[in-house]
1. Can you list residues from other chains, or at least 5 along the same chain, whose modelled amide H is less than 5 Å from the amide H of C285?
2. Which ³J(HN,Hα) values in Hz, rounded to whole numbers, follow from the phi angles of region 32-49 under the Karplus curve 6.51 cos²θ - 1.76 cosθ + 1.60, where θ = phi - 60° and Gly and Pro get x?
3. M163: net charge of surrounding residues, Cβ under 10 Å, Lys/Arg +1, Asp/Glu -1, itself excluded?
4. Return a whole-number percent for the relative contact order of the chain, with Cα pairs under 8 Å and 6 or more residues apart as the contact set.
5. Taking 7 Å along the Cα-to-C-beta vector as the label spot, tell me the Q48-A143 distance in nanometres, rounded to one decimal.
6. Less than 14 Å Cβ to Cβ from V46, Lys/Arg counted +1 and Asp/Glu -1: what total charge do the surrounding residues give?
7. What FRET efficiency would be calculated for the residue pair A62, T308, taking the C-beta separation as r and a Förster radius of 22 Å, to the nearest 0.05?
8. Between A68 and residues 5 or more places away or on another chain, which pairs have amide H atoms under 5 Å apart, with H built 1.01 Å from N, and which residues are they?
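Just so it is clear, none of the values below were taken in a lab; they were calculated from the coordinates. Small disclaimer: the values here were computed from a predicted structure and weren't measured. With ideal geometry, Cβ positions are generated from the backbone for all residues, glycine too; neighbour counts draw on all protein chains shown.
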Amino acid sequence: MTLREHIGQLFMMGFTGTTVSKDLASFLTAYKPGGVIFFRRNLESVQQIVDLTNGLQKLSPASPLLIAIDQEGGRVSRLPAEFTIFPPCGQLGQCHSSELAYSAAATIAKELRAVGINMNMAPVLDVNSNPDNPVIGDRAFGAEPDVVADMGLATIGGLQDNMVVACGKHFPGHGDTATDSHKELPVVDAGIQRLRETEFPPFQQAIRQGVASLMTAHVLYRALDPDAPATLSPAVIQRLLREEFRYDGVVFTDDLEMHAIIDHDGIGEAAVRSFVAGCDVLLICKDQDRVMTAMQAMERAVQNGRITQERLEQSLARVARLKARYLIPYKPVTISDARLVVGCRSHKVLLDSWHKAYARLPSSKVSEHDEPAAALDSPVTHV
């Protein structure tokens, strides 16, 4: 591979449209990104998704693409109505059934794999410790670290046992913020002891269980690094996550187009800083020109020595291991197989059993935040 092709493997990109356009095909062929991420804007039906994933993979014969989606359930659901859509994780957490969480994740994984999607940006491992949090809320399994950890581990197992890459998010925790990182940079003033007791445990347990990937938070934690948000912080990613927690899986950034990042750094500098901090795959969810700019900045950083060859090879090896475990050998999906799985009777029965379990909860356990919300799909991710 050329340097450009190596750099490409360190990017996951979004795009517009529901087909592989000539422009998209040309970009994928020239820059060879390691993966793509789908949003509601890309997805119409089972048939269309099968055609799209097969078409994308044809353009990456040397290294199968990671094809990702945010299918958390509830308001962060991207899939069309033909699929089995689960309610938000907050409701699942109130049931506190790891068996149900595992089964729900396994169902999601089977339907994703059936249409060629091999990665789910889930579970949310944030502890919903701040009731004024505008972005996490019922996306989290709850406000107690043990509940979040138990349900998160079950979700990871359900996804990865069915050959879908899980991605725990948002390290080291987005639950105690009072602002939305899609719009501005949140700052958390909690002390290190509180972070260790409340925010870190679900991630530490996920690491011990073998979660395949993690995603960073665009949040500044003064106790960890007073100068940089986690995504851009060597203190958080390299020293805390890599060295203290001994995590050697793939680390994804959250979308670098979010205002918490892009308002402070250009996309090229943000890409380089996040990689230097210890992230492996840089996520840019909408603007293809920004993807190109970031790739070019990364290439220059390697050429001028800001990124060492050793550091580059570390991340390339992690991405290659991930793909070898979950994507290779690659096999195209078929519409006949997909229709046997997506929205099948056994999956609908499981969803019905979930509703019945939730209905049996004491009314005192059901809060106003537990009402199912409409699916959201902003230009930036809800990851």
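1. HN-HN under 5 Å from C285: G14, L256, E257.
2. 6, x, x, x, 10, 10, 9, 10, 4, 5, 9, 10, 10, 7, 4, 4, 5, 5
3. On the way: positive: K110, R113, R325; negative: D161.
Net local charge, M163 excluded: +2.
4. Numbers: 787 pairs, mean separation 79.4, N = 383.
Rounded, it is 21 percent for the chain.
5. Modelled inter-label distance: 4.0 nm.
6. On the way: positive: R78, K110, R113, R339; negative: E44, D51, E82, E111, D337.
Charge balance near V46 sits at -1.
7. That gives a FRET efficiency of 0.35.
8. Those lying under 5 Å, H to H, from A68 are V36, I37, F38.
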